[in-house]
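The values are calculated or read from the model by the stated rules, or taken from the named source; none is laboratory data. Computed from a predicted model, the values in this text were never measured in an experiment. So basically every Cβ, Gly included, is an ideal-geometry build from the backbone, and we count neighbours across all protein chains shown. The area values use the complete protein model at the heavy-atom level, side chains included, leaving out ligands, DNA and RNA. Shrake-Rupley method; radii C 1.70, N 1.55, O 1.52, S 1.80 Å.
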Amino acid sequence: MSLTKQRSAHKSDDFPTVQLFLLAIVRLAEPIALTSIYPYAWALVKRFEVGEEQDASFYAGLLISAFSLAEALMGMYWGGLSDRIGRKPVLLIGCFGTMFSMIMVGVATNIWVALAGRALGGLLNGNIGVIQTMVGELVKRPEHEPRAYSVMPFVWSIGTILGPFVGGTFADPHDSFPDLFPEGSLFYNYPYLLPNLICAGLLLVSIILGWFLLVETHPDMQPCDALAEDTYAYLSEETPLLETSDAIKRPVVDMRDDNYGTVRVHDTHMAPASEAFDVEKDDERSSSISTKRIVSIMIALCIFTYHSMTYDHLMPIFFEDDRVAGNNSTSLTAAAAALSPSASSFSFLVPGGLGLSVRDVGMIMAVNGGIALFIQAVVFPLAAERMGVYRLFILVTVLHPVAYMLVPSLLLVPESLLYPAIYFCLAVRNVLSIILYPLLLILLKEATPTPKALGKVNGMAASAGAGCRMIAPPIAGWLYTSGSKVGCSALAWYGSAVVAVVGSVQCFSVPRSKFEQGELPTKCRKEESIPK
């Protein structure tokens, strides 16, 4: 297959800057496409006139989660297919599927067409697991992992800046730019087509760049001149000089190698060379992906994905929902006290939203992406280097409930301080969530028993995460609707905080690896030579 043909060898000791940059460009269009719907999903559902108006948040949750539902069903399949045909073809198929789904949503005239478009995009998209696998295969040195695994979340943060900005700015263009888009024009009849076309165009650019410039990373699809340094690691004084049928994949000897005439041992306990040939057999026996550590990390990933998705779904709804009468903290406290006589200055019952416009929300979400970008680029690498992966993972997981408890207090903030308070809440949330996600990816890679199982593990993680993203918006939307009926729109936020508390308890069940306890893994130990 031409797509999997390697064009150049990658030196395993070097940080794969160029390929990660190309992978980031391919990756960038996807978060733009997926997050552009957030600012106008609520308005789009209202336009379709599905059910009662107060149920719009629930149906908006269904629309957003349709993509994740389909992605959860197919994540394992795409991960397994990438193990067979290569990472690059599956990645490009996912981009094509997302591009087509964006156009379907843009021309939808009812919620069923929009749901079908979102679902189709999810069915054809397995890029989350595939990209995680490609990053893991590009990075060979453990000290490069924090930096490398922060690249894709960094790119996602850029996408979350541009996506909501595109969706909030170009949705219903007749209302925003009546002279450019008059009544009767295409974008007047399809008010949400323009942002989807812009996103589809970005996806097309990423497909072209990926097709021509991105290399295949599958270990079994590398050229013979791109073999890793440990290709000759299992040579002994008894190794025959004549090539075998498997010589192309693993030449038995290379006299040009500086270590020819020596025996190198990889085993932690310096096993003799005669035992080195059993390593591959041991890898096969230990290739199970149902270990306690992998399962614990998967559960932690699912819990985080769920409450993180509820935040992304609830934020624009809460910001756009109408304020209660009075529009100030004193009136809100009085209204809450009327519902609950025992209410204090900060009541559990806080009704309504912030009453912001779609354009305001789009701009806030763009700034939110900028905050996330700074945290990803500056805060995460420093924190991971100084605290270590495991300790930082425990810290940010335990603190996560705070992010959800802060948001309802925005209703009690004076209007003059509203925007600084909003950005403070977003900064707290981003510090926790932007740091946690790459930590989970690093832990998952380290827990994978063999590189050959990496695609399957990441596919399973993508499916599990997509399943949680699927159920999160409808549940959060239902809680928001139910809370609004009883004068407590904060109910959904408190529900997310409860799930985050469960995650802060569960994180202690993730076992620490020997590497995290201070021991270098076998593959990271320096090879030692024994003269003949």
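Looking only at helices (runs of 4 or more DSSP H) that lie completely in region 139-206, which have at least 3 residues being farther than 29 Å from Q19 by Cα?
Numbers: elements: 145-149, 151-170, 173-176, 186-189.
Here the list reads 151-170, 173-176, 186-189.
In region 28-55, which residues are at pLDDT below 80 and part of a helix (DSSP H, G or I)?
L28, A29, E30, P31, I32, A33, L34, T35, W42, E53, Q54, D55
Based on this model, can you work out whether P420 counts as of a type outside the set (S, T, Y), modelled with pLDDT under 85 and open to solvent by 10 Å² or more (accessible area, probe 1.4 Å)? Full working, then the answer.
Values: of a type outside the set (S, T, Y): yes; modelled with pLDDT under 85: no; open to solvent by 10 Å² or more (accessible area, probe 1.4 Å): yes.
Criteria not met by P420.
Pairs, please: C-beta under 7 Å, at least 6 apart or cross-chain, first residue assigned by the TED database to the domain that holds I422 and in region 364-386, second basic (K, R)?
The qualifying pairs are P381/R147.
For the structure I just gave you, tell me whether L214 is among the hydrophobic types (A, V, I, L, M, F, W, C), open to solvent by less than 70 Å² (accessible area, probe 1.4 Å) and modelled with pLDDT under 65.
Values: among the hydrophobic types (A, V, I, L, M, F, W, C): yes; open to solvent by less than 70 Å² (accessible area, probe 1.4 Å): yes; modelled with pLDDT under 65: no.
No; evaluated as a whole, the condition is false for this residue.
Output yes when any residue across region 92-107 is outside any helix (DSSP H, G or I) and open to solvent by 10 Å² or more (accessible area, probe 1.4 Å), and no when none is.
Just the residues of region 92-107 that are outside any helix (DSSP H, G or I), to begin with: 107.
Adding the requirement that they be open to solvent by 10 Å² or more (accessible area, probe 1.4 Å) leaves 107.
Checking region 92-107: at least one residue is outside any helix (DSSP H, G or I) and open to solvent by 10 Å² or more (accessible area, probe 1.4 Å).
Out of (1) open to solvent by 10 Å² or more (accessible area, probe 1.4 Å); (2) in a loop (DSSP other than H, G, I, E, B); (3) more than 28 Å from I85 (Cα to Cα), what's the single condition that is false for P449?
(3)
Among the residues of region 123-145, is any polar (S, T, N, Q), within 28 Å of L382 (Cβ to Cβ), in contact (Cβ under 8 Å) with a residue 12 or more places away in the chain and open to solvent by 10 Å² or more (accessible area, probe 1.4 Å)? Give the steps one after another, and end with the answer.
Of region 123-145, the ones polar (S, T, N, Q) are 125, 127, 132-133.
Next cut, within 28 Å of L382 (Cβ to Cβ) only: 132-133.
Filter once more, keeping what is in contact (Cβ under 8 Å) with a residue 12 or more places away in the chain: 132-133.
Add one more test, that the residue is open to solvent by 10 Å² or more (accessible area, probe 1.4 Å), and what stays is 132.
Within region 123-145 (the criterion being polar (S, T, N, Q), within 28 Å of L382 (Cβ to Cβ), in contact (Cβ under 8 Å) with a residue 12 or more places away in the chain and open to solvent by 10 Å² or more (accessible area, probe 1.4 Å)), the answer is yes, since at least one residue qualifies.
Using the structure shown, decide if D175 is under 30 Å from A366 (Cα atoms), modelled with pLDDT of 50 or more, open to solvent by 70 Å² or more (accessible area, probe 1.4 Å) and of a type outside the set (S, T, N, Q). Walk me through it before giving the result.
Values: under 30 Å from A366 (Cα atoms): yes; modelled with pLDDT of 50 or more: yes; open to solvent by 70 Å² or more (accessible area, probe 1.4 Å): yes; of a type outside the set (S, T, N, Q): yes.
It is true that D175 is under 30 Å from A366 (Cα atoms), modelled with pLDDT of 50 or more, open to solvent by 70 Å² or more (accessible area, probe 1.4 Å) and of a type outside the set (S, T, N, Q).
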